[in-house]
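For reference, the structure discussed in these notes is given below.
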Amino acid sequence: FVLTNDKGRKVYGICLTILEEYEPHEKDQTERTAVLDDSTCSHEIEVSVSKEGTTYFLPKVLVLLSTWPYLTAFREYLAQLYRLATATNVMTAPIERFIVNLCSEIPAPPPGAYEVQVSILDSTIRFWAPPAKLPIAYVALPYRILFECLDVEHILDLFAALITEQKIVLVSSQHSILTICSEILCSLLFPMRWSHLYIPFLPKMLCPMLDAPVPYICGVVRENWGHAQEYLASDSIVVDLDHNKVTLGNDTPSIPPPPQKKWKKLSTSLQQSLAFVYERAHGHDLDSSMEKNRRSSGSRTPQQSYQTAMRETADGHQWREKLESWDHAFKLAYTPNSELMDAEDFVEISGYVGNGGQTQWDKVQEAFLRFFVAILK
């Protein structure tokens with residue numbers, strides 16, 4: 001999640017929820033039930049203790065706050081740290097002591113080609129700061145996630161809504177996707193900055209802010225969406241990240257058309273280089289366009305028709321399986337019959353290449369930057 005103070009400075013938060021064994025005292029062995037109900041929380045926590053000797057677990061949350069936008073690196077650090085504490089016997093200090101070491105004792109990397117590496121178990125976590133005069137905004141987040149959730153057409157629609165300062169609500173069943181996609185969308189505005197209301201993970205108690213009379217970017221987890229709709233402004237734009245849908249409100253103002261020649265150039269650049277990201281994430285083959293041509297011409301053989309039907313059946317299943325894993329701190333192995341087993345393109349790209357190198361996601365940022373330069377020069 002991201003907190004923003006009154007001066008517009010962001011504080012990034014990373015949470016790891018774990019379950020710890022609950023050991024009741026001897027006087028609590030008699031059967032009883034306690035319900036903790038907090039009006040500021042959307043859930044009730046029920047603890048049942050019986051004399052049957054059943055083992056119980058209670059949730060515990062490790063939270064790391066930082067002004068540095070290393071969300072992916074911090075998430076990996078907390079996950080590996082918990083593995084170190086529970087799966088090995090080499091940790092002699094409390095787990096909180098290691099978090100203090102990362103926050104207070106490990107130096108932040110200086111701007112430029114230097115990096116700070118932290119090795120824990122079989123993972124090497126890198127922290128790198130871009131040069132001070134980097135021509136594009138540095139985002140230590142996997143851009144691939146946004147292009148897997150939304151196709152290029154919807155991303156461009158959302159970009160047009162951002163530059164015209166509309167009210168945007170992101171909805172997803174996965175908590176972590178909301179913050180990641182919000183940060184990536186804001187980075188696409190470079191050299192501009194989003195200076196309006198910004199709450200990428202909106203708590204249930206703050207849902208009335210969706211009726212604010214100012215532009216905003218807010219993220220709502222799906223379990224709170226029913227409650228949030230009661231306060232949703234009629235001129236807001238709702239983006240369903242799970243199902244690739246963009247819905248305009250009844251009173252959403254029409255978005256002025258961008259310069260067609262420059263807009264088409266941006267769209268063509270993204271379609272040629274990144275359209276396959278969404279297609280493969282949702283179970284489509286690279287020859288999906290060829291299949292569409294065969295379907296329109298009616299020249300498919302029975303075997304081709306059967307293969308196309310199988311692809312369409314696996315489409316939603318493959319995406320749901322991938323989507324449901326985002327909030328899992330530990331990358332568990334997929335089942336042997338999973339379509340994701342053979343998807344080499346599902347390897348996460350952190351965006352770091354070091355020493356002035358460039359990734360395809362840098363090129364994405366440059367494409368949006370060139371669009372701004374073209375219309376502002």
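The values are calculated or read from the model by the stated rules, or taken from the named source; none is laboratory data. As the structure is a computational prediction, the values presented were derived from the model and not from experiment. Backbone-built Cβ (ideal geometry, glycine too); neighbour counts: all protein chains shown. Areas reflect the complete protein model, heavy atoms only, side chains present, ligands, DNA and RNA absent. Shrake-Rupley method; radii C 1.70, N 1.55, O 1.52, S 1.80 Å.
Take the Cβ atoms of GLU223 and ILE375, set R0 to 41 Å, and the FRET efficiency comes out at 0.55. Here's how it looks for ILE120: its modeled amide H is under 5 Å from those of ILE125, which are all 5 or more places away or on a different chain. Rolling a 1.4 Å probe over the heavy atoms of the protein chains gives the stretch 121-206 an accessible area of 36 Å² per residue. Note that the stretch 87-200 shows a convex hull volume over its alpha carbon atoms of 173 Å³ per residue. Of the residues VAL90, SER182, PRO109, the one whose Cα sits farthest toward the positive end of the charge dipole of the stretch 89-196, with +1 on the Cβ of Lys and Arg and -1 on the Cβ of Asp and Glu, is PRO109.
Using a probe of 1.4 Å, the accessible surface attributed to ARG126 totals some 120 Å² when neighbouring protein chains are kept in position.
Between VAL246 and GLU321, the FRET efficiency estimated from the beta carbon spacing at R0 = 22 angstrom works out to 0.40.
Using the Cβ-Cβ distance between SER267 and GLU366 with R0 = 22 Å, the FRET efficiency computed as 1/(1 + (r/R0)^6) comes to roughly 0.90.
Of the listed residues GLU183, GLU23, GLU223, the order by accessible area with a 1.4 Å probe, largest first, is GLU23, GLU223, GLU183.
Shown are MET205, MET192, MET91, whose ranking by accessible area with a 1.4 Å probe and every protein chain present, most to least, is MET205, MET192, MET91. On full extension, the segment bounded by ASN89 and ILE120 gains 9.8 nm, given 0.36 nm per residue less the C-alpha separation. For TYR231 and LEU19, the difference between the fully extended length at 0.36 nm per residue and the C-alpha to C-alpha distance is 72.9 nm.
The residues HIS154, HIS175, sorted by heavy-atom accessible surface at 1.4 Å with ligands and nucleic acids left out, run HIS175, HIS154 from largest to smallest.
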